[in-house]
1. Filter the range B:20-34 down to the residues that are surrounded by fewer than 17 Cβ atoms within 10 Å (Cβ to Cβ) and of a type outside the set (Ser, Thr, Tyr), then identify the one that is nearest to the other protein chains (Cβ to nearest Cβ).
2. Could you count how many residues in the range A:173-192 are in a loop (DSSP other than H, G, I, E, B), at pLDDT 95 or above and away from chain B (no Cβ under 14 Å)?
3. State all residues of the range A:129-154 that are free of Cβ contacts under 8 Å to residues at least 60 places away in the same chain, within 24 Å of A:Gly105 (Cβ to Cβ) and of a type in the set (A, V, I, L, M); if no residue qualifies, say none.
4. Looking at B:Met46, B:Met153, B:Met61, which is the one that is more than 14 Å from chain A (Cβ to nearest Cβ) and either under 13 Å from the mean Cα position of the chain (by Cα) or in a helix (DSSP H, G or I) (or both)?
5. Do we have B:Ile71 as crowded, with 17+ Cβ neighbours inside 10 Å and more than 10 Å from every other protein chain (Cβ to nearest Cβ) here?
6. When residues of the range A:145-164 are filtered for being in contact with a Pro (Cβ under 9 Å, 6 or more places away or on another chain) and either within 13 Å of chain B (Cβ to nearest Cβ) or under 16 Å from A:Tyr86 (Cβ atoms) (or both), how many remain?
7. Is it the case that B:Thr77 is more than 14 Å from every other protein chain (Cβ to nearest Cβ) and farther than 30 Å from B:Lys143 by Cβ?
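The values are calculated or read from the model by the stated rules, or taken from the named source; none is laboratory data. Note that the structure is predicted; figures quoted are calculated from it, not measured. Using ideal geometry, Cβ is built from the backbone for each residue, glycine included, and neighbour counts are taken over all protein chains shown.
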Amino acid sequence: MRAANAIVKALELEGVEHIFGIPGGAIIEVYDALFDSEITHILTRHEQAAVHAADGYARASGKTGVAFATSGPGATNTVTGITNAYMDSSPIVVMTGQVPTALIGNDAFQEADITGITMPITKHNYLVTDANKLLETIKEAFTIASTGRPGPVLVDLPKDVTIADIEFDYPEKIELPGYKPKVFGHPRQIKRASELIMESERPVILAGGGIRLSNAQKELLRLAESIPAFVVTTLMGKGAIPETHPLCLGFVGMHGSKYANYALHESDLVIAVGCRFSDRTTGRVSDFAPYAKIIHIDIDPAEIGKNVRVDVPIVGDAKLVLKELVNHVKYKQRKEWEDKVNGWRKAYPLRYIKEKDKIKPQFVIEKVYELCPDAIVTTEVGQNQMWAAQYFKVKHPRQFISSGGLGTMGFGFPAAMGAQTAFPEKTVVDIAGDGSILMNIQELATCVDYSIPVKICVLNNAYLGMVRQWQEMFYNERYSATRLRYEGLSFEKIARGFGAVGMTVEKPNEVEDALKEAFEIDAPVLIDFWVEKLENVYPMVPPGAALNEVIDKEV
Amino acid sequence: MKHTIAVLVENKPGVLARVSSLFRRRGFNIESLAVGTTEREDISRMTIVVSGDEKTIEQVMKQLNKLIEVIKVSDLTYNSVERELALIKVNVTPEKRSEIIEIANIFRARIVDVSRESFIIEITGDEDKINAFIDLMRQYGIKELSRTGKISMARGRRTV
């Protein structure tokens, strides 16, 4: 069988239903084979968006996302997307075309050393030089991407390899001597953890993206209720338990609520599950949870002890470890602590000042939530992302898709496209800023082309808002290069120019109707909300401060 | 402090690049690196000397373990036999000739090439011994020096 056909057949056997990508000379054979396949290919307008879409698809569905690109610039355009997936442990497989093996190293037309380039940003990558190893490589790629701590895997396919004639013998299993993820937690460690939990008077669970990756929501909820313990999450862990649950305090860190940050700071036991203690979550790390012992459950041993000291490390899959751990804890009421935390919750709610004639960005998010609480929400990066995280309460972690580790502006829209592809019947909303939406605006063409009815809410403050906020707070209001001037630019017209629906909303009392209308339309819609320009995200833990040094705006 | 770490890896192209890229990216310091085949042709062995505190070394080992092609990582800092080899081309004058030969003999080094003006001396041993020998040779004028990285093996029954 022609190798290109074998590749497509292998993808079919892996259960791939959608591929995002752009063809080119080096990968044209694979696209030729794809022409006869049941797999739907979505032609994005930029390779970065293809990878983000595959990433969003994976986060929403739990399936491995797949992206294609050709050699050279096609491949290098995938780099941001791959890094983004790597930082947030998203399972994707990226296949790139490559110049024929005989030309590799000769600086041939559209040659780029993409395996060299992506070595530090992939979980693993391959340059296939022997067509006979092709199928086992694809099997390995899918296995590695989706197991253990998931991540992106790149497979580089020289053109001559794709036209070779090979035997189609797709391996059922593969043997990787150096890859054996440990999924079961050590029983003694689990016992020790349960002892700490029983001794604790102020336990807090810190849940990260690992809950989603291991589908451990049910187990987490059971543990939280059995102890009982309040749950705070990282940004990636948002929705690890339903955010309307009385035990859920929402996300912590730089822009988490005061009460969540206080609870974490004052706790005497942090039960961290599937998180990596990023600097945005911990604040000044030397003062992170200073009174607490720390239990850290993670499938990646290298994360344990990397950023914070750990008292009880448990290496294993979150779902399996939590399932076991819950058997060892008994319900113990901790009235004083409960009252204290609930007191904070009452005293320091998330808040902003509503105004009659100005649209507050938070108000837009609240309305989106009110009108469509079941929507899948993706975000760009910056103020829009933080407001979305603060005011949209999700029920489960696959409902909130955001670039946490890399902080990629331009991620939200293509990610929404990916999520919508996985769930055509659901409402998918991208909460965007006017800065970030322009970074992948070309994908409006893709959405129109394939009838992907994503709803984009641009919170347009004519600034790179988060940077402007820092300049206001820490740089004496010296707004260096953050003002976005739009004389003559209209997002509404841009949307229409692509064949999508465009709207402009200038007044608070128009917000609800515009959103209602947009949610009724079975087509991509971009709504340009002219929001208050100088609104800041509060509360805020200043960079380098501890979580209890969180500042809030006087209201 | 310095740690000697033995890494068994699959013998595949690009593995060395992966390992060295990891050290660069995470800011770990390689003091020396030696790579060679093992008793199995599909497995290579790297011996890496790395400096850092306990926490750094722990991260080095854990991060190495995450590489798919890395099969096993062991710390051989303690209770191991360590060897390095050096080739030293040293200036020789008729007056100093026998003196150099004598020193080489004391160190159980071997003279492997002789010309009118120079010797090539081969010496194996642990790092300190080689350093001491090189220091002694400096007075005669070292024209060229090449050292392999350190290789190491645990004493007794323990294997990597």
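1. Initially, the range B:20-34 is screened for residues surrounded by fewer than 17 Cβ atoms within 10 Å (Cβ to Cβ), giving B:20-21, B:24-27, B:29-31.
Those still in the list that are of a type outside the set (Ser, Thr, Tyr) too: B:24-27, B:29-31.
Numbers: B:Arg24: 9, B:Arg25: 5, B:Arg26: 9, B:Gly27: 12, B:Asn29: 17, B:Ile30: 16, B:Glu31: 22 Å.
Among those residues, the one meeting the criterion is B:Arg25.
2. 4
3. Step one: list which residues in the range A:129-154 are free of Cβ contacts under 8 Å to residues at least 60 places away in the same chain, which gives A:129-130, A:132-133, A:136-137, A:140-141, A:143-144, A:147.
Right, trim to within 24 Å of A:Gly105 (Cβ to Cβ) and you get A:129-130, A:132-133, A:137, A:141.
Scanning the range A:129-154 gives a single hit, A:Ala141.
4. On the way: B:Met46 fails: more than 14 Å from chain A (Cβ to nearest Cβ); B:Met61 fails: more than 14 Å from chain A (Cβ to nearest Cβ).
After applying the criteria, what remains is B:Met153.
5. Values: crowded, with 17+ Cβ neighbours inside 10 Å: yes; more than 10 Å from every other protein chain (Cβ to nearest Cβ): no.
Against the criterion (crowded, with 17+ Cβ neighbours inside 10 Å and more than 10 Å from every other protein chain (Cβ to nearest Cβ)), B:Ile71 does not qualify.
6. Matching residues across the range A:145-164 total 9.
7. Working: more than 14 Å from every other protein chain (Cβ to nearest Cβ): yes; farther than 30 Å from B:Lys143 by Cβ: yes.
So B:Thr77 fits the description; yes.
Residue by residue, here is whether (1) out of contact with any helix residue (DSSP H, G or I) (no Cβ under 7 Å at 6 or more places or on another chain); (2) surrounded by 23 or more Cβ atoms within 10 Å (Cβ to Cβ); (3) among the charged types (D, E, K, R) holds:
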| site | (1), (2), (3) |
| --- | --- |
| A:Glu266 | yes, no, yes |
| A:Cys275 | no, yes, no |
| A:Ser278 | yes, no, no |
| A:Thr281 | yes, yes, no |
| A:Ile295 | no, yes, no |
